[in-house]
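What follows is one structure encoded as structure tokens, with my remarks underneath.
The values are calculated or read from the model by the stated rules, or taken from the named source; none is laboratory data. Please read all numbers here as calculations on a predicted model, not as lab measurements. Cβ sites come from the backbone with ideal geometry, for glycine too, and all protein chains shown count toward neighbours.
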Amino acid sequence: MMIFRNHGLVFQEGGLPEKAKLTYIVRGKKMLVGYKSGSGISCSCCKTVLSPSQFEAHAGWASRRKPYEHIYTSNGMSLHEYAVSLKKKENRTRPVKNNNDVCRVCKKGGDLLLCDTCPRSFHRECAREPSIRRGKWQCKYCQRSLKVKGKSADSLAAGGATGNEPVARRSGMKPVENIVLGACVLCSCHEFSKNGFNNQTVIVCDQCEKEYHIGCLRKHNMADLKKLPKGDWFCRNDCKRINSLLKNLLSLEPETLSDDMLTFWRERLRKNNKSESDSNLDMKFVLLRGKSAARKSKKLLAQTVKIFHEGFDPIIDSTSGRDFIPSMVYGRKIWSQDFAGMLCAMLTIDSKVVTAGTLRVFDEDIAELPIVATRKSNQGKGYFQLLFTCIEKVLSSLKIKNIVLPAADDARSMWTQRFGFEMIAPDQLNELRQSCPAIMTFQGTSLLQKELVKAA
């Protein structure tokens with residue numbers, strides 16, 4: 001656990017703005033709301049100004065004794081993470097000194113290598129570093145953020161890494177610790193060169209997000225690149241095909257749901273003794289890419305973020321302190337994870353989002369659906385089943401073979417029984433994580449898979 005003694009920065013000048021909203025959250029539930037008032041928190045229920053510890057006790061969790069880790073700002077950042085970000089700004093011109101006192105990989109202490117760019121620490125063997133040169137040292141997560149990607153030598157590549165280390169509190173799920181490092185899919189080696197263009201230069205496919213050494217591409221007769229290509233680069237014709245078809249789909253207007261689909265939906269509601277009062281709903285399926293969405297579509301993305309925050313605690317990147325949810329929806333980049341390829345699939349009624357999911361298509365073999373949620377007032381009405389039918393239709397049109405998603409233990413039976421998913425076998429799961437490390441995973445969940453198109 002990080003040794004950090006600068007929590008007081010939150011309530012000092014230059015910290016949280018006055019009257020900033022603060023919420024004590026436990027297992028996805030909002031226990032108590034207050035507002036920053038001077039050096040304390042003004043409780044919304046009793047109007048008393050309390051210290052963070054008193055605020056935690058007032059929320060009924062005095063025994064926890066971790067107020068700064070469970071009190072969140074309105075943008076989904078815990079007070080601890082907010083304090084870390086303030087400290088980083090204070091030390092912007094100096095190396096990070098507040099490194100973790102346990103190894104990032106094995107979680108044990110001892111003789112550790114301290115990254116000079118981020119707070120992570122490693123044993124030499126866990127970092128796979130047989131020798132360390134004198135001077136500054138960067139861990140592989142930080143090195144990856146300096147990789148060259150596609151468009152120019154000055155570009156920074158996320159490379160599809162799962163070194164994002166989000167903290168997922170999805171309805172009580174345990175924090176995730178993604179420690180798998182990306183590698184060339186042809187040689188499985190992590191090493192790369194960021195000095196000029198050579199065989200060890202890494203290039204990333206702009207569709208499937210797989211990484212390749214320039215030399216490995218040449219060795220396997222996949223591409224004989226003499227320099228980094230301008231614009232998008234695709235490792236295979238299938239990736240180019242999928243990318244082109246997705247662009248066409250994203251250019252279309254929202255699709256009004258067919259009468260056949262709505263008739264089936266209403267019939268299912270009747271069988272479950274439920275009804276929809278309005279028989280003339282203007283229900284549409286919307287597919288957007290947040291990064292390139294038109295201004296008129298931004299309000300739908302904002303509604304989607306709100307719906308996700310209704311259902312999930314913030315998913316925080318431990319390095320930047322930013323919430324993953326808006327970044328996934330808007331297609332932004334956080335540290336080493338780039339969500340530019342993430343799509344938002346939504347079901348709207350009268351231009352209001354009722355249910356949504358983040359969707360990412362990698363290649364012809366796999367697509368993922370990492371987060372889904374329905375507006376609380378619209379739950380239990382079968383809207384997500386309609387949305388999932390639309391998503392399946394899109395993926396089938398692209399000839400995508402499988403879709404995967406992370407499911408909590410208490411939701412696994414719903415996905416397997418109602419939507420036709422199944423558990424992924426351990427050997428297949430290991431192979432999937434090696435070939436597609438960008439897939440979002442959360443500790444406390446199981447990756448499920450559904451076959452969409454039968455393999456030839």
Meets criteria (part of a helix (DSSP H, G or I), within 30 Å of D350 (Cα to Cα) and among the charged types (D, E, K, R)) for K247: yes
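Within region 189-199, which residues are farther than 18 Å from C139 by Cα and touching a helix residue (DSSP H, G or I) at 6+ places or on another chain (Cβ under 9 Å)? Give the steps one after another, and end with the answer.
Going residue by residue through region 189-199, those that are farther than 18 Å from C139 by Cα are 196-199.
Listed by number, the residues that qualify are F197, N198, N199.
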Residue pairs qualifying under the 6 Å Cβ cut-off, at least six apart or on distinct chains, with the first in region 341-366 being assigned by TED's automatic domain parsing to the domain that holds L300 and among the basic types (K, R) and the second being surrounded by 20 or more Cβ atoms within 10 Å (Cβ to Cβ) and in a strand (DSSP E or B), are R360/E368
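So, in region 61-71, of the ones that are at pLDDT below 90 and within 28 Å of I325 (Cα to Cα), which residue ends up surrounded by the fewest Cβ atoms within 10 Å (Cβ to Cβ)?
The initial filter retains those residues of region 61-71 that are at pLDDT below 90, namely 61-70.
From the residues that got through so far, the ones that are within 28 Å of I325 (Cα to Cα) too are 61, 64-70.
Values: W61: 17, R64: 15, R65: 10, K66: 13, P67: 24, Y68: 18, E69: 15, H70: 23.
So the residue we want is R65.
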I'd like to verify a number: residues in region 24-60 that are over 25 Å from P326 (Cβ atoms) and touching a residue at least 60 places away in the same chain (Cβ under 8 Å), how many? 0
Would you be able to say whether some residue in region 384-399 is under 30 Å from K296 (Cβ atoms), among the aromatic types (F, W, Y) and out of contact with any Cys (no Cβ under 8 Å at 6 or more places or on another chain)? yes
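Of the residues that sit in region 399-456 and are β-branched (V, I, T) and over 18 Å from the mean Cα position of the chain (by Cα), which one is farthest from R360 (Cα to Cα)? Can you show your working first?
Within region 399-456, the first condition is being β-branched (V, I, T), and the residues that meet it are 400, 403-404, 416, 424, 439, 441, 445, 453.
Applying the additional criterion that residues be over 18 Å from the mean Cα position of the chain (by Cα) yields 400, 416, 424, 453.
On the way: I400: 11, T416: 21, I424: 19, V453: 17 Å.
Checked region 399-456; the qualifying residue farthest from R360 (Cα to Cα) is T416.
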Find all pairs meeting these conditions: Cβ atoms under 6 angstrom apart; at least six residues apart or on different chains; first residue within region 314-340 and more than 19 Å from S78 (Cβ to Cβ); second residue charged (D, E, K, R) and modelled with pLDDT under 80. S336/R144
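Name the residue, out of M346, M342, that is touching a helix residue (DSSP H, G or I) at 6+ places or on another chain (Cβ under 9 Å), at pLDDT below 95 and closer than 20 Å to G311 by Cα.
On the way: M346 fails: at pLDDT below 95.
Residue meeting the stated conditions: M342.
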Considering only region 22-67, state which residues are within 13 Å of L79 (Cβ to Cβ) and charged (D, E, K, R). K36, E56, K66
